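See below for the structure under consideration.
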Amino acid sequence: MSAIVISGKELAKEKREQMKGEVVELKGKGITPGLAVILVGEDPASQSYVRSKQKSCKEIGIHSELDELPVTISEQELLNKIEVLNKADHIHGILVQLPLPNHISEKAVIEAISPEKDVDGFHPINIGRMMTGQEAFLPCTPYGIVEMIKSKDIDMEGKHVVVVGRSNIVGKPVGQLLLNENATVTYCHSRTKNMRDITRQADILVVAVGKAHFLDQEYIKEGAVVIDVGVNRNNDGKLVGDVVFENAKEVASYITPVPGGVGPMTITMLLHNTIISAKRHIGQE
Ligand code: NAP
């Protein structure tokens with residue numbers, strides 16, 4: 001058996017085409033969705049993520065502005081910047097690129113962003129709303145994963161989902177979103193014992209560990225859906241996932257590739273959240 005590949009790249013393209021139309025419609029109503037991005041310091045990976053987010057905004061007509069701040073900025077100065085953006089009428093989404101320098105508390109920064117503009121879905125209020133099944137900005141990577149599963153009409157109800165990884169931005173929320181879809185969810189992490197016995201029970205296996213080729217087909221049940229969140233560089237400098245794709249696709253029913261899988265969907269859901277926020281601003285959502 002060779003698995004069907006769920007292309008995040010293709011799905012993202014489809015969704016972004018649709019979003020272009022929504023932005024035109026909003027502009028006709030006198031509102032242009034606006035995203036403010038704050039980048040502290042000069043970390044090359046962060047710079048590249050931010051550029052990619054800005055380019056994507058431009059492609060679909062979202063206004064975006066970038067505030068590049070020196071690594072020496074104080075926490076208070078950063079909080080003041082956020083406060084200005086919280087009040088800015090033309091800004092519907094605020095994103096502070098993580099990680100931040102050690103002298104700035106990520107918690108304080110995330111909590112300073114108005115929950116109504118928290119398009120990353122990291123604010124504890126949005127996390128709480130998500131957990132209680134209320135309307136919330138959903139965190140972009142987990143949200144993108146659920147959209148990828150839905151795009152193939154894969155039934156989640158009653159399915160055993162195993163999530164490997166329990167980070168606040170991927171592992172924990174993706175499990176919660178799949179629980180909201182009525183799946184039965186198990187988490188594995190670095191202290192899990194006999195992990196292979198658990199992952200082999202998964203109907204849907206989500207791997208978000210951040211280690212190149214962390215698991216292969218020995219960890220996968222025949223016919224399982226495999227979602228690979230990992231983005232790693234192997235020894236040749238090539239981008240690879242947490243899953244050994246070529247060998248896992250021989251046992252899985254569906255699988256996401258790296259690159260071109262979950263990655264493109266993450267930015268797509270950020271654009272989606274920004275549009276939703278603009279719609280809410282004019283009472284349309
Ligand atoms: P993270 O914060 O480093 O979390 C990694 C998780 O993996 C932790 O929960 C850790 O467990 C678990 N883990 C580590 N070693 C393990 C082991 N030997 N066995 C079982 N579990 C183990 O990483 P993250 O932010 O969630 O990101 C994970 C990966 O996804 C990274 O490659 C990242 O680049 C990628 N990512 C991709 C996107 C995208 O858009 N495609 C977005 C976000 C992240 P403990 O909690 O016990 O330490």
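Considering only DSSP beta bridges where both residues belong to the chain, give the percentage that are antiparallel (nearest 5).
Details: 2 of 31 bridges.
Given both bridge residues lie in the chain, the antiparallel proportion sits at roughly 5 percent.
Which entries of K53/K193; K152/K193; K55/K279 show an alpha-carbon separation above 29 angstrom in the structure shown?
Checking Cα-Cα distances, K53/K193; K152/K193 exceed 29 Å.
Please report the spacing between the Cα centers of segment 232-269 and segment 62-114 in Å, no decimals.
Value for the Cα centre distance between the two parts: 31 Å.
Just for the Cα atoms in the chain, what are the lengths along the principal axes, largest first, rounded to whole Å?
Projected onto its principal axes, the Cα set of the chain covers 52, 42, 38 Å.
Normalise the Debye intensity by I(0) for segment 1-133, one equal point scatterer per Cα, no solvent, then take log10 at q = 0.19 Å⁻¹ and round to two decimals.
So the normalised log intensities work out to -1.18.
Taking R0 as 45 Å, what's the FRET efficiency between E222 and L98 from their Cβ-Cβ distance, rounded to 0.05?
Details: r = 38 Å, r/R0 = 0.84.
So the FRET efficiency works out to roughly 0.75.
Using a/c under 1.5 as the rounded threshold, could you call segment 87-196 rounded, prolate or oblate? The axes a ≥ b ≥ c are square roots of the C-alpha gyration tensor eigenvalues, and prolate needs a/b larger than b/c, oblate otherwise.
oblate
What do you get for Rg/Rh of segment 140-262 when both radii come from the Cα atoms and Rh is the Kirkwood radius?
0.93
Using +1 at the C-beta of Lys and Arg and -1 at the C-beta of Asp and Glu, which of V50, M1, G28 has the Cα lying farthest in the positive direction of the dipole of segment 1-62?
G28
At a 1.4 Å probe radius, carbon and sulfur cover how many percent of the accessible area of segment 30-115?
51 percent
Considering only protein heavy atoms, what per residue accessible area in square angstrom results for segment 140-262 with a 1.4 angstrom probe?
46 Å²
Along the charge dipole of segment 142-278, Cβ charges K/R +1 and D/E -1, which of S253, V226, L215 sits furthest on the positive end?
About the Cα centre, the residue reaching furthest to the positive side is L215.
Give me the dipole magnitude in Debye, nearest 20, for segment 140-262 about the Cα centre, with unit charges on the beta carbon: positive for Lys and Arg, negative for Asp and Glu.
That gives a dipole near 480 debye.
Considering only protein heavy atoms, with the full assembly of protein chains and a 1.4 angstrom probe, order T199, T141, T72, T32 by accessible area, largest first.
T72, T32, T141, T199
Can you figure out the FRET efficiency of V84 with K9, using R₀ = 51 Å and their beta-carbon distance, to the nearest 0.05?
0.90
The values are calculated or read from the model by the stated rules, or taken from the named source; none is laboratory data. Only a predicted model underlies this, so the values are computations on that prediction, with no experimental measurement involved. Please note: Cβ atoms are built from the backbone with ideal geometry, for glycine as well, and neighbour counts cover all protein chains shown. Quick note on the areas: whole protein, heavy atoms, side chains included, nothing else; ligands and nucleic acids left out. Shrake-Rupley method; radii C 1.70, N 1.55, O 1.52, S 1.80 Å.
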